[in-house]
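Have a look at the structure below, then the notes.
What follows draws every value from the coordinates through simple rules; no lab data is involved. Note that the coordinates shown come from a computational prediction; the quantities given were computed from them, not determined experimentally. Don't worry about glycine lacking a Cβ; one is built from the backbone with ideal geometry, like all the others, and counts go over all protein chains shown.
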Amino acid sequence: MSASAGAAIKRRQSVLTDKARKRIEIAILSLPALIMFLGFVILPVFMAGYYGFFKWKGYGKPTVNGQFIGFENYKIILTDPNFQEALGHTLFVVVASLVIQGPLAILFALLLNQKFKGRALIRTLIFVPYVVSEVIVGTGWSLILQTTGALNAILKKMGLAGADWISDPKIAIWTLMFIISWKYIGFAVILMIAGMQSIPEDLYEAARVDGAGFWRQQWSITLPLLGPTIRIWAFMSIIGSLQLFDLVYIIWGQYVSSTAGTSTMATYMVREGRLANNYGYGSAVAVVIFIISLVIALTYQKFVLNRDLEGALTDEKDAKRRAKRAAKEAAKRAKANGGSVAVANEVISQ
Amino acid sequence: MKFKSVAAAVLAMATCVSMAACGSSGSTNADGKVEITMWHNSTTGDGKAYWEAAAKAFEKENPNVEIKIEAIQNEDMDGKLQTALQDPNSAPDIFMARGGQKLRDVVEAGQAMDLTDKVSDTVKTQLKTAEATGTIDGKIYSVQQSVLPGGIWYSKDLFEKAGITETPKTWDEFKTVVQKLKDAGITPIAVGGKDAWPAAHWWYWFALRECSSDTFEKAQADKDFSDSCWTRTGDDVQSLLDLDAFNDGFLTTPAQQGASSSAGLLANHMAAMELMGGWEPGVIKDLTPDKQEMADLGYFAFPTMDTGKGDPTAIMGGSDGMAVGAWAPEEAVDFLNFVSEKEWQEKYATAFSTIPANKEAQDAVTNDALKQVLSVYNEASSVSMWLDTVFGQNIGNALNEGVVNMMAGKGTADDIVKGVESAAAKG
């Protein structure tokens, strides 16, 4: 008796040390990544918040070489017409990206989801711009679209008048939208194709039996069932647009993006912070961008994305109702059977 | 296994720490030599080779010193320097300084060494004229290496093609020249609007001609632009725009990169003139089809304006210098003295195709256009610094952008001044 009890204790101890060992392992293995994350992501966020309260040139320490000014930087940012303009451009890019790329990507995906010769090649081609680095895309397009560039030369040969595609403030933002759409649509298309392929084929068969045509099928089956994919893509597109910096910076350079009407919040931050040498003010701009992005992201997650947590095949209310009903039934059954709650839980989780 | 993961973690930590600690300078290295780090902005060609050769020569004379030369791309220089200067361990001992507000910021943060008593007397006498740029509140903080007076650079061939026999001296003559070039189907003026400052230089020069030297200095010191001459400056820019003399799409034309830049347009005879500083021959050299000096490159001073109150012989220009970090060893100053004397300044002039700051080395200038610059420079009643250098990056950028906005038809002369005032509030 005592011997077996001893063995049991021993076993339990070894189980405990196993657990402890696992914890230690996890801690040690994730420590480097954790240190990196805290040091290079979390800490800078708080540092920016701190610097944002100073009028500081970036030389020496803000408390010594700078001047504490409270929320003055934020007041200036919110009243600066250049910032308002940049914010406007950013929001324009957010909306225009959704409106232009969304429908186009779905149409492309529908096309590329059909079986035809050369499909793999076209799929690759449409995805290539997304893989190419922003620097190359920016440099390439700015060479093509310059006043003396290739596009205008071709137009001239065709007897058409070209335009100052990137220098004319009236056109520039549309040129930017064109390049963004060209570059990022491949990503959207691939996502949509993946989404379409997860839709069960028998739904279409059933619809065909019921006499639904091709467009009717897409409208009533593909589009609703593609919902989660579209919502996730839209989320990524919004976040990407809010951070837009590299393309603008490469094509319009450090100084003229606001003149050309293509400045974004991020180019404003770099221009006013790093280039103008106002590190205090620049940090405050970073905080404002952070807050704007955070609010938009959280709002989107709360009101749009959370329905996807309920499962891909149902919409939110439906899912809740069904889950509730199932839970009730299971509970009834459990009561009748005197079984455990586990059954109910299982059903709900299904 | 446990030991291994601990070891891996320790190794990772050690890497982090050593990464942060590496790049120390201003101390003795493993061989017991004094190590000096120096940052300059010539990443290619003769300029890069010049600094390496100078370092070698100095090491030969001073065997106990080892100089680490690091070439930093010009557009990256300010940002990298700013970060590096925060920590004496990673900061260079000698670094490029362009003077003006920028140097003042470094000095006020206690990061630059007071060189007043350390610059050798020989260098002091030979540098006399360029000294002012590196001097702040009466103390020398940087030793100038080159003087870069501005003016209008032009293609002699294209002028000839348009039937222009003499370079313009007054604004009216200048306008005639522009018209003649246009009639001959030649783009009269190249300007690199993408970098903002090349466009803004037109405004600076108009201001120099329109405003009396008192008003000009007052604006530099107090950012006071209330005098009516500043409005006239804006009007001059407008009259320049009315000439429709710039290259197409100038807003997104860079200043120096590639054949389609404004300097490239001049180098390849696609435009006849460009308003630029004294570095132009060196820049153009890299952009001509055969990478040789542009044979027909000419220079004339900015035209005089009879409406203005400014001195007609006043000119504007920059001057590149070298500052020493407050933490640097004495040998860093010795090296700076070494390169600032006649011998190496002459080599500097040849390597960079520019005018050396050392007066006695200026005989080494052989380029015809540069000789022209030198004669204008030596006759000038005064030499002002570029306004964006004077004001520093914050206000300087706002000024440059205001001018570019106006040129793109997006603002008025008043908006330029307004932009400057709102920038002042930010920093």
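Segment A:38-80 and segment A:128-156 have their alpha-carbon centroids 38 Å apart.
Taking the Cα centre of chain B as origin and charging only Cβ (+1 Lys, Arg; -1 Asp, Glu), how large is the dipole, in debye to the nearest 20? Could the numbers behind the result be given before it?
Working: 36 positive and 62 negative charges, 181 e Å.
I would put it at about 860 debye.
Take the Cα radius of gyration of chain B and divide it by 2.2 N^0.38 Å, N being the number of residues; the result is 1.06.
Placing +1 on each Lys and Arg Cβ and -1 on each Asp and Glu Cβ, with no other charges, gives the protein assembly as shown a dipole about its Cα centre of roughly 5820 debye. Within segment B:242-331, the trypsin sites (Lys or Arg not before Pro) that combine a DSSP coil assignment with at most 11 other C-beta atoms in a 10 angstrom radius are B:K291.
I'd like to know how the protein assembly as shown sits against the 2.2 N^0.38 Å rule of thumb: what's its Cα Rg over that expected value?
Numbers: Rg = 32.8 Å, N = 777, 2.2 N^0.38 = 27.6 Å.
So the Cα radius of gyration is 1.19 times the expected 2.2 N^0.38 Å.
Pairs exceeding 25 Å between alpha-carbon atoms, taken from B:K156/B:K291; B:K156/B:K182; A:K183/B:K291; B:K309/B:K418; A:K156/B:K175; B:K56/B:K139: A:K183/B:K291; A:K156/B:K175; B:K56/B:K139. For B:N41, the amide hydrogen comes within under 5 Å of the amide hydrogens of B:I72, counting only partners 5 or more places away or on other chains and with H modelled in the peptide plane. For the residues of A:24-37, the average number of beta carbons from a partner chain within 10 Å of their own beta carbon is 3. Considering only beta bridges that DSSP places wholly inside the protein assembly as shown, some 65 percent are antiparallel. Compute the FRET efficiency between B:N268 and A:I100 as 1/(1 + (r/R0)^6), taking r as their Cβ-Cβ distance and R0 = 30 Å, and round to the nearest 0.05. With a Förster radius of 30 Å, E is 0.20. For chain B, the longest principal axis of the C-alpha atoms and the axis of helix B:228-242 are separated by about 70°. From the largest down, segment B:338-427 spans 47, 28, 25 angstrom on the principal axes of its Cα atoms. Residue by residue along A:255-265, Cβ atoms of other protein chains within 10 Å of the local Cβ number 5 on average. In this structure the amide hydrogen of A:S263, modeled in the peptide plane, comes within under 5 Å of the amide hydrogens of A:S258, none closer than 5 places in sequence on its chain. Placing unit charges on each Cβ (+1 for Lys and Arg, -1 for Asp and Glu) gives the protein assembly as shown a dipole about its Cα centre, and among A:P200, B:T125, B:S262 the Cα reaching farthest toward its positive end belongs to A:P200. Put in order of Cβ neighbour count within 10 Å, fewest first, the listed residues B:V417, A:V209 become A:V209, B:V417.
Between the alpha-carbon centres of segment B:263-313 and segment B:212-236 there is a gap of 26 Å. The phi torsions of segment A:143-153, fed into the Karplus equation with coefficients 6.51, -1.76 and 1.60 and a -60° offset, translate into couplings of 5, 5, 8, 4, 3, 9, x, 5, 4, 5, 5 Hz, rounded to whole numbers, with Gly and Pro shown as x.
When chain B is treated as a GNM with alpha-carbon contacts under 10 Å, the residue of B:L251, B:L275, B:L148 showing the greatest mean-square fluctuation is B:L251.
Note down the relative contact order for chain B as a percent, whole number, built from C-alpha pairs under 8 angstrom at least six residues apart.
Working: 768 pairs, mean separation 97.6, N = 427.
Worked out over chain B, it gives 23 percent.
Note that segment A:158-168 has calculated 3J(HN,Hα) couplings of 8, x, 9, 7, x, 9, 7, 4, 9, 8, 7 Hz, one per residue in order, obtained from phi through the Karplus relation 6.51 cos²θ - 1.76 cosθ + 1.60 (θ = phi - 60°); glycine and proline are x. Amide H contacts under 5 Å for B:T135: B:Y141, restricted to partners 5 or more places along the chain or on a different chain, H placed in the peptide plane at 1.01 Å from N. Simple spin-label estimate for A:S293 and B:Q179 gives 5.6 nm between the two label positions (7 Å along the Cα-to-Cβ direction from each Cα). Counting Cβ atoms of other protein chains within 10 Å of each Cβ in B:244-251 and taking the mean gives 5. Within segment A:169-318, the ratio Rg/Rh, alpha carbon atoms throughout and Rh by Kirkwood, equals 1.12. Approximating the spin labels as points 7 Å out from Cα along Cα→Cβ, the A:A153-to-A:R216 distance works out to 5.4 nm.
For the residues A:V135, B:V65, B:V177, what sequence is obtained by ranking on other C-beta atoms within 10 Å, fewest first?
Working: A:V135 12, B:V65 19, B:V177 24.
Listed from fewest to most nearby Cβ atoms, that is A:V135, B:V65, B:V177.
Determine ³J(HN,Hα), in whole Hz, for all residues of segment B:101-115 in sequence, where each value follows from phi through the Karplus function 6.51 cos²θ - 1.76 cosθ + 1.60 and θ = phi - 60°; x replaces Gly and Pro. So the Karplus estimates, Gly and Pro as x, are 4, 4, 5, 4, 4, 5, 5, 5, 7, x, 9, 10, 8, 6, 9 Hz. Put the Cα centre of segment B:374-427 next to the Cα centre of segment A:225-260 and the gap is 32 Å.
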